[in-house]
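What follows is a set of notes on a single structure, which appears directly below.
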Amino acid sequence: MNHRTPGVRTRTRVRTRTRTRARARTCRRGALAALAAVLLLGSCTRTAAPAPPAPAPSATAPLPATAPTPQGLLLTADFGADTVTFVDPQRGAVASVTVGRAPYGLAVGADGRAWVATAEGVAVVDTRTRVRVALIPYRTATGPVTDGEYRGGGMGIALSPDGVHAYAGVNVPGTTGVLEVLDTARREVTAVVPVGRRPFDVDVSPDGAEVYVTGHDSFDVTVVAADSTRTRRIEVAPYGTEGGLGSWLKPHYAVVRPSDGKLLLPFEGERLAVVDPRTGRTAIEPMTADTHQHGAALTPDGRLLVVGTGAVQPGDGKGPSLTVRSPDGAERVYPLRGPHEDVAVSRDGRTAYVTGGYTRDGYWNGITVVDLDTGATRRLAAGARPLGIAVL
């Protein structure tokens, strides 16, 4: 993530229409009517505007709605294409659905519906039929709907354990962000809660009583009581806050450890902040990857996976990687080819799926599949700048 002077990169989309204008031309009369007709046809053909080329077939054309989505497919949020993409872990992309501008994070409920944080609002996708069934606008004004690393709108998103609420962290450029609470049955925003700047990630306690919002540019986690929306701020800055918005040493993504409810936030492949949300205290444990870090996930057996994006400055740290950290703190670091952003785990806990979208330049359009026992990797082309990912 580029943590220096914030700016919004916009992309102008130009739609070109081809207009065919009939131009009357006087064709000389020949002796034979048939010859005149041929000459007239040839003259009009040469002066007509050429037809646009037929579009190439899409590799992610939607599958028929009669073919329900099987379990085990992946779903990615395509930050560069306004879509979510369904990905077969063996074959690659199999379908896509338009959801809204610049989708960032996503969460999938037990009912098979995906909640996708876009720049325009929270999209709801029925993953079984591959149809967007709703787009819920934010209550908060976030400025022009646009693309890019600093764009306004939804970033992290999570569901309550019972599926009754969705929680979307909304970036408001130039100021602090908000957490918008959505009623999933009514599909509407029911509360807006002030949180930190640029809410990269949203997590929920195992009992659903608290929501944790990671404020990237404010070096903090905001603890939100689910029943009252009361908030507490916990500063999480193992390197300090010197440098402010220009610092690279900020929190990005967190996971909640089920065994004790503590939050795990990795920093720079050097320090793991273990935050107790009840007391606000933070303990620091050493890490070994020595690389700027973004996405994180837990396997069913409690291993922590952390995506390393590469050195912030050339020569100052190691390259992209996936850290596999055991509950006892032992780590294996598997190299990756190029920057990546987020990670999800297969149902059996043996495979990691790492998105290549990345929030900065250097991203690529696909997923790296990592065997967690051996570190063997293979690449799948999928989506356009995929960031968030979930296993269906």
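Reported count of residues in the stretch 194-214, each being under 15 Å from E149 (Cα atoms) and part of a strand (DSSP E or B), is 3. Residues of the stretch 246-255 include at least one that is part of a strand (DSSP E or B) and either surrounded by fewer than 20 Cβ atoms within 10 Å (Cβ to Cβ) or out of contact with any Phe, Trp or Tyr (no Cβ under 7 Å at 6 or more places or on another chain) (or both). Of the candidates T288, T309, T241, T323, the single residue that is out of contact with any Gly (no Cβ under 9 Å at 6 or more places or on another chain) and over 20 Å from A107 (Cα atoms) is T241. Scanning the stretch 257-295 for residues that are open to solvent by less than 60 Å² (accessible area, probe 1.4 Å) and of a type in the set (D, E) turns up D260, E268, D276, D290. Scanning the stretch 337-361 for residues that are over 17 Å from Q71 (Cα atoms), in a loop (DSSP other than H, G, I, E, B), in contact (Cβ under 8 Å) with a residue 40 or more places away in the chain and not charged (D, E, K, R) gives H340, G357, Y358, T359. Checking each residue in the stretch 269-318 for being touching a strand residue (DSSP E or B) at 6+ places or on another chain (Cβ under 6 Å) and acidic (D, E) picks out only E285. Of all the criteria given as (1) within 13 Å of V391 (Cα to Cα); (2) in contact with a strand residue (DSSP E or B) (Cβ under 8 Å, 6 or more places away or on another chain); (3) surrounded by fewer than 24 Cβ atoms within 10 Å (Cβ to Cβ), the one not satisfied by G92 is (1).
Only residues that are on the phi > 0 side of the Ramachandran plot and open to solvent by less than 60 Å² (accessible area, probe 1.4 Å) were counted across the stretch 149-183, and they come to 2.
Scan the stretch 367-392 for residues that are surrounded by fewer than 24 Cβ atoms within 10 Å (Cβ to Cβ) and within 12 Å of the chain's Cα centre (by Cα) and jot them down. Correct list: A384, R385, A390. Of all residues in the stretch 75-129, those satisfying the criterion of being assigned to a strand (DSSP E or B) and acidic (D, E) are D78, D88, D126.
Kindly indicate whether L74 is touching a strand residue (DSSP E or B) at 6+ places or on another chain (Cβ under 8 Å), open to solvent by less than 30 Å² (accessible area, probe 1.4 Å) and modelled with pLDDT of 95 or more. Against the criterion (touching a strand residue (DSSP E or B) at 6+ places or on another chain (Cβ under 8 Å), open to solvent by less than 30 Å² (accessible area, probe 1.4 Å) and modelled with pLDDT of 95 or more), L74 qualifies. For V312, the conditions (1) closer than 22 Å to M155 by Cβ; (2) open to solvent by less than 10 Å² (accessible area, probe 1.4 Å) all hold with the exception of (2).
Residues are listed down the side, and each one gets a yes or a no for (1) more than 18 Å from G105 (Cα to Cα); (2) small (G, A, S):
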site: R186; (1), (2): yes, no
site: A191; (1), (2): yes, yes
site: P199; (1), (2): no, no
site: G215; (1), (2): no, yes
site: V223; (1), (2): yes, no
site: R233; (1), (2): yes, no
site: K250; (1), (2): yes, no
site: T279; (1), (2): yes, no
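Please determine, by comparing only the residues of the stretch 321-336 that are in contact (Cβ under 8 Å) with a residue 12 or more places away in the chain and over 17 Å from D371 (Cβ atoms), which one is most open to solvent (accessible area, probe 1.4 Å). In this case the residue turns out to be P327.
Among the residues making up the stretch 184-212, a single one is open to solvent by less than 40 Å² (accessible area, probe 1.4 Å) and basic (K, R): R198. Residue under question is T146, and the condition is that it be outside any strand (DSSP E or B) and either surrounded by fewer than 20 Cβ atoms within 10 Å (Cβ to Cβ) or acidic (D, E) (or both); does it hold? For T146, the condition - outside any strand (DSSP E or B) and either surrounded by fewer than 20 Cβ atoms within 10 Å (Cβ to Cβ) or acidic (D, E) (or both) - is met.
Quick check on my filter: what residues within the stretch 213-240 are open to solvent by 50 Å² or more (accessible area, probe 1.4 Å), over 18 Å from Q293 (Cβ atoms) and hydroxyl-bearing (S, T, Y)? Answer for the stretch 213-240, where residues must be open to solvent by 50 Å² or more (accessible area, probe 1.4 Å), over 18 Å from Q293 (Cβ atoms) and hydroxyl-bearing (S, T, Y): T229, T231. Contact annotation: residue pairs with Cβ atoms under 7 Å, 6 or more positions apart or on different chains, pairing a residue in the stretch 274-297 that is under 27 Å from Q313 (Cβ atoms) with a partner that is among the charged types (D, E, K, R) and open to solvent by less than 10 Å² (accessible area, probe 1.4 Å), are H294/E341; G295/E341.
Working only within the stretch 114-139, note down all residues that are among the β-branched types (V, I, T), touching a Pro at 6+ places or on another chain (Cβ under 8 Å) and closer than 21 Å to T69 by Cα.
Result: V116, T129.
Check the stretch 127-139 and report whether any residue there is over 17 Å from the mean Cα position of the chain (by Cα), farther than 27 Å from L245 by Cβ, basic (K, R) and surrounded by fewer than 17 Cβ atoms within 10 Å (Cβ to Cβ). The answer is yes; a qualifying residue exists.
The values are calculated or read from the model by the stated rules, or taken from the named source; none is laboratory data. Note that the structure is a prediction, hence the values are computed from the model and not measured. With ideal geometry, Cβ positions are generated from the backbone for all residues, glycine too; neighbour counts draw on all protein chains shown. Surface areas here come from the heavy atoms of the whole protein model, side chains and all, with no ligands, DNA or RNA. Shrake-Rupley method; radii C 1.70, N 1.55, O 1.52, S 1.80 Å.
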